[in-house]
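Colleague: Quick one: structure below, then a few questions.
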Amino acid sequence: MSANDILKKLLMLINEPYAAEYSSHINTAILVALSLRRWVIKNETKFKNFSHIESGLEWLVKEMGGLP
């Protein structure tokens, strides 16, 4: 998948999430969730309920098939 394709799918997920079909956007959604999880981990001191947020994002990524 080219960077341009990823960007188009990312913008679709952000701007029109209801129109973003699961099968064609799942890989982009996994990338977004993984990146958000990494960002939360890096900034853990900023969150009161860090462990809940981090575990929720981890669960989401696993549910989408992005982590074993």
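Colleague: Looking at this structure, is Leu60 part of a helix (DSSP H, G or I) and hydrophobic (A, V, I, L, M, F, W, C)?
Modeller: yes
Colleague: While we're looking at this one, here's another question. What residue, of Met1, Met12, is assigned to a loop (DSSP other than H, G, I, E, B) and among the aliphatic types (A, V, I, L, M)?
Modeller: Met1
Colleague: So, Leu36, is that one part of a helix (DSSP H, G or I) and surrounded by 15 or more Cβ atoms within 10 Å (Cβ to Cβ) or not?
Modeller: Spelling it out, it is not the case that Leu36 is part of a helix (DSSP H, G or I) and surrounded by 15 or more Cβ atoms within 10 Å (Cβ to Cβ).
Colleague: I've got another one for you. How many of the residues in region 1-29 are surrounded by fewer than 12 Cβ atoms within 10 Å (Cβ to Cβ) and either of a type in the set (A, V, I, L, M, F, W, C) or touching a residue at least 24 places away in the same chain (Cβ under 8 Å) (or both)?
Modeller: 5
Colleague: Just checking, which of Glu44, Glu54 is without any contact (Cβ under 8 Å) to a residue 24 or more places away in the chain and in contact with a Phe, Trp or Tyr (Cβ under 6 Å, 6 or more places away or on another chain)?
Modeller: Sole residue among the options that is without any contact (Cβ under 8 Å) to a residue 24 or more places away in the chain and in contact with a Phe, Trp or Tyr (Cβ under 6 Å, 6 or more places away or on another chain): Glu44.
We did not get these values from a lab; they are worked out from the coordinates using the rules stated. Here the structure is a predicted model, which is why all the values come from computation and not from measurement. Reconstructed Cβ throughout: ideal geometry from the backbone, glycine too, with neighbour counts over all protein chains shown.
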